[in-house]
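Trainee: Here's a structure for you.
The values are calculated or read from the model by the stated rules, or taken from the named source; none is laboratory data. None of these values were measured; they are calculated from a predicted model. Here the Cβ positions follow ideal geometry from the backbone for every residue, glycine too, while neighbour counts run over all protein chains shown. Quick note on the areas: whole protein, heavy atoms, side chains included, nothing else; ligands and nucleic acids left out. Shrake-Rupley method; radii C 1.70, N 1.55, O 1.52, S 1.80 Å.
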Amino acid sequence: MKVQVLVVDDSALMRKLICELLESDPNIEVVDTARDGYEAVEKVAKLHPDVVTMDVQMPRMSGLEALSHIMSQCPTPVIILTGLNNPQLAIEALERGAVDFVLKPSGTISMDIYKIRQELIQKVKLAPLVNIRKMVQRGITSSLPPLKTPFRIPGKRVVVIGASTGGPRALNHCLS
């Protein structure tokens, strides 16, 4: 079964290039596109795609605003795909419920989008495995409070591994 994707970007050229890039994989189908966050919210509710790729800077409703609406109305895995190289933006997107963040290689209009083909396709294929409804129910999409003191076990050495999308599967492979 193909992963069904909604592509959201205000640039017609970027929508076309992203669609071509994603559909170059036989296991991905782009079911529709949207020009802004407002259209994205409407189309997610109507089409129920498996995954949404979404830009951040868009007219009428930004990608972050749309992400909040999607998570509250029709929780769906969202991958932020943007040309804005801003770590704070990535953190905010993840806090609002995005499952991942991909940086366009050369800014908002990236004619060289093919450079991130493997990364984007891999993340799109993994995104439907995230139990997004459970994340929303548990409030994982809200900010987590910072740790006040380091965690220590006297006389013991501890290895801590943090993982994101695809992490549990990778950990299972590494630790088995």
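Trainee: Report yes if residue 54 is of a type outside the set (Val, Ile, Thr) and crowded, with 21+ Cβ neighbours inside 10 Å, otherwise no.
Mentor: Criteria met by residue 54.
Trainee: Related question: Filtering the stretch 67-81 down to residues that are surrounded by 24 or more Cβ atoms within 10 Å (Cβ to Cβ) and out of contact with any Phe, Trp or Tyr (no Cβ under 7 Å at 6 or more places or on another chain), which residue is nearest to residue 100 (Cα to Cα)?
Mentor: 78
Trainee: Just name the residue that is farthest from residue 14 (Cα to Cα) out of those in the stretch 46-58 that are at pLDDT 95 or above and either among the small types (Gly, Ala, Ser) or not in a helix (DSSP H, G or I) (or both).
Mentor: My answer is 48.
Trainee: Name, by its number, the condition in (1) surrounded by 15 or more Cβ atoms within 10 Å (Cβ to Cβ); (2) in contact with a Leu (Cβ under 9 Å, 6 or more places away or on another chain); (3) part of a loop (DSSP other than H, G, I, E, B) that does not hold for residue 61.
Mentor: So the condition that residue 61 fails would be (2).
Trainee: Filter the stretch 91-107 down to the residues that are open to solvent by 20 Å² or more (accessible area, probe 1.4 Å) and in contact with a strand residue (DSSP E or B) (Cβ under 8 Å, 6 or more places away or on another chain) and list them by number.
Mentor: If the condition is that a residue be open to solvent by 20 Å² or more (accessible area, probe 1.4 Å) and in contact with a strand residue (DSSP E or B) (Cβ under 8 Å, 6 or more places away or on another chain), then 94, 100, 101, 103 are the ones that fit.
Trainee: Same structure again: Within the stretch 130-138, can one find any residue that is within 25 Å of residue 15 (Cα to Cα), modelled with pLDDT of 60 or more and in contact with a helix residue (DSSP H, G or I) (Cβ under 6 Å, 6 or more places away or on another chain)?
Mentor: No: the stretch 130-138 contains no residue that is within 25 Å of residue 15 (Cα to Cα), modelled with pLDDT of 60 or more and in contact with a helix residue (DSSP H, G or I) (Cβ under 6 Å, 6 or more places away or on another chain).
Trainee: Applying the selection to the stretch 90-115, what residues are in a helix (DSSP H, G or I) and out of contact with any helix residue (DSSP H, G or I) (no Cβ under 8 Å at 6 or more places or on another chain)?
Mentor: Those that are in a helix (DSSP H, G or I) and out of contact with any helix residue (DSSP H, G or I) (no Cβ under 8 Å at 6 or more places or on another chain): 90, 91, 94, 95, 115.
Trainee: In this structure, is residue 4 surrounded by fewer than 21 Cβ atoms within 10 Å (Cβ to Cβ), part of a strand (DSSP E or B) and free of Cβ contacts under 8 Å to residues at least 60 places away in the same chain?
Mentor: Answer is yes for this residue.
Trainee: Sticking with this one: Suppose we keep only residues that are crowded, with 17+ Cβ neighbours inside 10 Å and over 12 Å from residue 53 (Cα atoms) within the stretch 22-34. Which one would you say is nearest to the chain's Cα centre (by Cα)?
Mentor: Restricting to residues being crowded, with 17+ Cβ neighbours inside 10 Å and over 12 Å from residue 53 (Cα atoms), the top hit is 28.
Trainee: Still on this structure, please answer the following. Return the pairs, sorted by first residue and then second, in which the second residue is modelled with pLDDT of 95 or more, the first residue lies in the stretch 37-49 and is surrounded by fewer than 18 Cβ atoms within 10 Å (Cβ to Cβ), the beta carbons are less than 7 Å apart, and the residues are 6+ apart or on different chains.
Mentor: Cβ pairs passing all conditions: 47/6; 47/31; 47/32.
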